[in-house]
Amino acid sequence: MSLTFLLLAVALLCALSFVFGRQRAIALSGGRFSNLHSLPVHYGTYTALWCGLPALALLIVWYALQGPVTNALVISDLPVEITSDPGQLSLAMNAISLIAADHGQHLDVAPEVVEAGNRLAILHTISNTALIVVLLCVALTGLSLSYRKIVADMRARNNVERIVRYLMIGCSAIAILSTVGIVFSLLFEALHFFSKVNPLEFLFGLEWSPQTAIRADQVASDGSFGMIPLFAGTLLITLIAMLVAVPIGLFSAIYMGEYASPMFRAWAKPALEILAGVPTVVYGFFAALTVAPFLRDTGATLGLSVSSESALAAGLVMGVMIIPFVSSLSDDVMSQVPQSLRDGSYGLGATKSETIRHVIFPAALPGIVGAILLAVSRAIGETMIVVMAAGLAANLTANPLQAVTTVTVQIVTLLVGDQEFDSAKTLSAFALGLVLFLVTLGLNVFALKFVQKYREKYD
Amino acid sequence: MAVVTADAMTNAPHTRGKSKMAARDLDLFYGDAQALFNVDLDVMEREVTALIGPSGCGKSTFLRCLNRMNDTIDGVTISGKVTLDDRDIYDKIIDVVQLRARIGMVFQKPNPFPKSIFDNVAYGPRIHGLVNSRDELDEIVMTSLEKAGLLKEVKDRLASPATGLSGGQQQRLCIARAVAVSPEVILMDEPCSALDPIATAKVEELIDELRSNYTIVIVTHSMQQAARVSQRTAFFHLGKLVEVGETDQIFTNPRDERTKGYITGRFG
Ligand SMILES: Nc1ncnc2c1ncn2[C@@H]1O[C@H](COP(=O)(O)OP(=O)(O)O)[C@@H](O)[C@H]1O
Ligand SMILES: [Mg+2]
């Protein structure tokens, strides 16, 4: 019996309960809804919720417990020789599940295991059948209990309100808990890493070469995990990107907000927003295939040696990517500067550019700073463009014509391919991720504070 | 008490002073909607002219024609003539920026810039290059604040933000800001509508003092205020100038039924 069918059945029952509950309320009202405490639709919703929610909860719990319980039952019947050895046990369990799922015909295993597999299949069938029965019972019980509770002055509306509130609390709890869970797993894996590598070496080391020996007999270095070159690379590329994005974004925002005719604005703004919707991987191959070779060739004609994966190429393209971000945020803050300030300035005989420079821009400055900080945190976390265009060489350099690498690029390369989960190399990705997370979090909090402070001023 | 003559209605030069600004045959459209119809009005030098009328009748619109603030609104078309000292201000050779330096404006809601008190007043002189030294600038700021009756209250906190002042102080700061560029005409659009009675009284007193040096046009929704501060009053209705004359005459002996209805409170 499939899950889809069960869900459909529950949904159908809910719909029925809704109709029943509503009908009963209407019947009780004797034609005048004002005799009821709530509207008929509230009574319907009330019965539907009482029918559906307990059934859904049961479904979730049942599916969570079914696997462990049936497995435990099967294991308890296996001979001790198999259960005593964890390795053998896990092999046997694999075979058992395959047999139970009817894919085990070609397996060459002990007869006990085959028997256990068949038993597991039977257990699953029993469990599924029981589920259907219990589920329907629960749903129908919920339906009949709530149906019978309906009387004219029952506060169905308030009850529904309360149930819905709990549902919403549940949803926000899931959102918050999963975030917290991710942060904590990041934290614990990073701590695990720091038990292998000195945190001071990680934070202040000048060399990054994470290759370590995977097997004891392999010849390899110990690896060094100094993150400074990665952060320097990240900052260099971010700096280049901001040098591109801030002036262009800001000036285009000023033009759009203050000078452009409504007609031009009407199509230019959406156009900019489309630019924001280009997938970063597209920017990435643009950087790697067009901009980087162009820079290298130009450099060659000028007698400069430009590496074919230069920080400059990645930074320039990342800057272009961030332009719409800067321009739409700063356009927002500048358009929030009240018209009365513009009028005041024009009324004194100021020109447009004087008004912008001396009144609008200073008034919007906190918001613009906030926008720029948000853009910086975007740039620091950006991955795709740098993976494709910035290269892997962990050079500690301030020369934008050389190849550098970034924190995000290293995280990707550390985790791509077959990895041993426990090695310092793999774990270092979590430490890098944690640092990246803290930096962008700090920037975001700071930026939002700035923007908030600005908002208060004109409310 | 002036005798009510046809002169007042046709805006013949007034006996008390000479006409500083004049509107002739002024029509204004917001897009397709006409907001002003055929307005003819003289503003006398060194007098306060009050514009009254029910809300939406075009007082602000007319006021904004006098310093071309309507230029900043999209879709406004104007026909007719507005003169300052007999020069058409809508003439192509007129520089709006210089024009607005000669005709200052004070708005309904106090709108100090989010800068220090000093910088607010210094804003105009700085952008127009009226000063050559810091001392001159200090001088202008001080005298402007003095003229606006604000100096005593703020002289110890010139560097603090103007937005920290009370509403009445902010409005007087805006007047000081306008005065600092030495305009010839000051336009005020309901300058007291956001102020409490005490602040209002102070601003009215100030307007009366400024009259000796400046030509003032004030929009007001309060007839008492018009009676208190103005020498001439113009009554607008539905975008038309219905009647203009000496304030005493308008309030005691209006010629038009609509004016009479408005000032006796029958509509508006
Ligand atoms: N920016 C504008 N765009 C379109 N119509 C406007 C605009 N400003 C004012 N109006 C219209 O012009 C008429 C006169 O408005 P206004 O001059 O503000 O009146 P008042 O100041 O006498 O209350 C009103 O009908 C108003 O709706
Ligand atoms: Mg108005």
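The values are calculated or read from the model by the stated rules, or taken from the named source; none is laboratory data. All values derive from a computational prediction rather than experimental measurement. Cβ placement follows ideal geometry from the backbone for every residue including glycine, while neighbour counts extend to all protein chains displayed. Each accessible area value is taken on the protein alone, full model and side chains, heavy atoms only, with ligands, DNA and RNA left out. Shrake-Rupley method; radii C 1.70, N 1.55, O 1.52, S 1.80 Å.
For region A:114-128, backbone nitrogen atoms closer than 14 Å to the point 7 Å from A:I75 Cα along Cα-to-C-beta are found at no residue. The charge dipole of region A:339-426, taken about its Cα centre with unit charges on the Cβ of Lys, Arg, Asp and Glu (plus for the first two, minus for the last two), comes to roughly 460 debye.
Among the trypsin sites (Lys or Arg not before Pro) within region A:1-36, those in coil by DSSP and having at most 12 neighbouring Cβ atoms inside 10 Å are A:R32. Sequence gap at least 6, Cα distance under 8 Å: using those rules, report the relative contact order of region A:2-154 to the nearest whole percent. Here the relative contact order equals 36 percent. Straight-line reach from B:K20: which lysines fall under 23 Å, measuring Cα to Cα and dropping same-chain residues less than 8 apart? B:K20 reaches B:K59, B:K81, B:K92, B:K147, B:K240. Helical runs (DSSP H, four residues minimum) scored at -39500 (n - 2.57) apiece and divided by the length of chain B put the mean residue ellipticity at 222 nm at -10000 deg cm²/dmol.
Charge dipole of chain B (Cα centre as origin; +1 on each Lys and Arg Cβ, -1 on each Asp and Glu Cβ, all else neutral): 300 debye, rounded to the nearest 20. By DSSP, the beta bridges lying fully in the protein assembly as shown are antiparallel in about 60 percent of cases. Among A:F325, A:S2, A:S17, flag the residue with its Cα farthest along the positive direction of the charge dipole of the protein assembly as shown, charges on Cβ as +1 for Lys/Arg and -1 for Asp/Glu. Result: A:S17.
Relative to the current alpha-carbon distance between A:S29 and A:T290, full extension at 0.36 nm per residue lengthens the span by 86.5 nm. If you place +1 on the Cβ of every Lys and Arg, -1 on the Cβ of every Asp and Glu, and leave all else neutral, what size is the dipole of the protein assembly as shown about its Cα centre, to the nearest 20 Debye? Using Cβ point charges on Lys, Arg, Asp and Glu, the protein assembly as shown gives about 2240 debye. The calculated FRET efficiency for the pair B:H221 and B:D71, based on their C-beta separation and a Förster distance of 22 Å, comes to about 0.30. Put B:D27, B:D42 in order of accessible area, highest first, and with a 1.4 Å probe you get B:D27, B:D42.
Taking every protein chain into account, the 1.4 Å probe leaves A:D297 with about 80 Å² of accessible area, to the nearest ten. By a 1.4 Å probe calculation restricted to protein chains, B:S212 has an accessible surface near 70 Å², given to the nearest 10.
A Förster distance of 25 Å, applied to the separation of the beta-carbon atoms of B:N132 and B:V97, puts the FRET efficiency at 0.80. Full extension of the chain between A:L200 and A:A271 gives 20.8 nm of extra length, using 0.36 nm per residue less the Cα-Cα distance.
Subtracting the Cα-Cα distance of A:V164 and A:D297 from their residue separation scaled by 0.36 nm leaves 41.5 nm. Seen through its C-alpha gyration tensor, with square-root eigenvalues sorted a ≥ b ≥ c, region A:138-265 comes out oblate because a/c lies at 1.5 or above while a/b is not bigger than b/c. At a probe radius of 1.4 Å, what is the per-residue accessible area of A:H42, in Å² to the nearest 10? Using a 1.4 Å probe on the heavy atoms, I get roughly 40 Å². Our summary gives chain A a relative contact order of 16 percent, counting only alpha carbon pairs under 8 angstrom and 6 or more residues apart. Would you work out if chain A is rounded, prolate or oblate? Take a ≥ b ≥ c from the square roots of the eigenvalues of the alpha-carbon gyration tensor; rounded if a/c is under 1.5, else prolate when a/b is larger than b/c, oblate otherwise. Oblate, since a/c reaches 1.5 and b/c is not below a/b. Taken across both chains, chains B and A shield about 1600 Å² of accessible surface from a 1.4 Å probe. Go through A:I356, A:F294, A:G257 and say which Cα lies farthest out towards the positive end of the charge dipole of region A:224-458; charges sit on Cβ, +1 for Lys and Arg, -1 for Asp and Glu. Farthest towards the positive end: A:I356. Taking a straight line from the alpha carbon of A:K196, these lysines sit under 20 Å away, with near neighbours fewer than eight places off in the same chain left out: A:K425. Between A:D422 and A:A175, what's the calculated FRET efficiency when r is the beta-carbon distance and R0 is 41 Å? Round to 0.05. Efficiency computed from Cβ-Cβ geometry: 0.85.
For region B:19-263, the relative contact order comes to 29 percent (Cα pairs under 8 Å, sequence separation of at least 6). Under 12 Å of direct C-alpha separation, and excluding same-chain neighbours fewer than eight residues apart, B:K18 reaches these aspartates and glutamates: B:D42, B:E45, B:E47, B:D85, B:D86.
Tell me, what % of the accessible area of chain A is carbon and sulfur with a 1.4 angstrom probe? Within chain A, the accessible surface is 69 percent carbon and sulfur. Seen through its C-alpha gyration tensor, with square-root eigenvalues sorted a ≥ b ≥ c, region B:141-206 comes out oblate because a/c lies at 1.5 or above while a/b is not bigger than b/c. Accessible area ranking (1.4 Å probe, heavy atoms, ligands and nucleic acids excluded), largest first, for B:M188, A:M93: A:M93, B:M188. Projected label points at B:L238 and A:S144, each 7 Å from Cα along the beta carbon direction, are separated by 7.5 nanometres.
Looking at region B:19-263, what % of its DSSP beta bridges pair antiparallel, to the nearest 5?
DSSP beta bridges in region B:19-263 are roughly 60 percent antiparallel.
Averaged over residues, the count of other Cβ atoms within 10 Å places the peptides A:140-147, B:196-203 in the sequence A:140-147, B:196-203, highest first.
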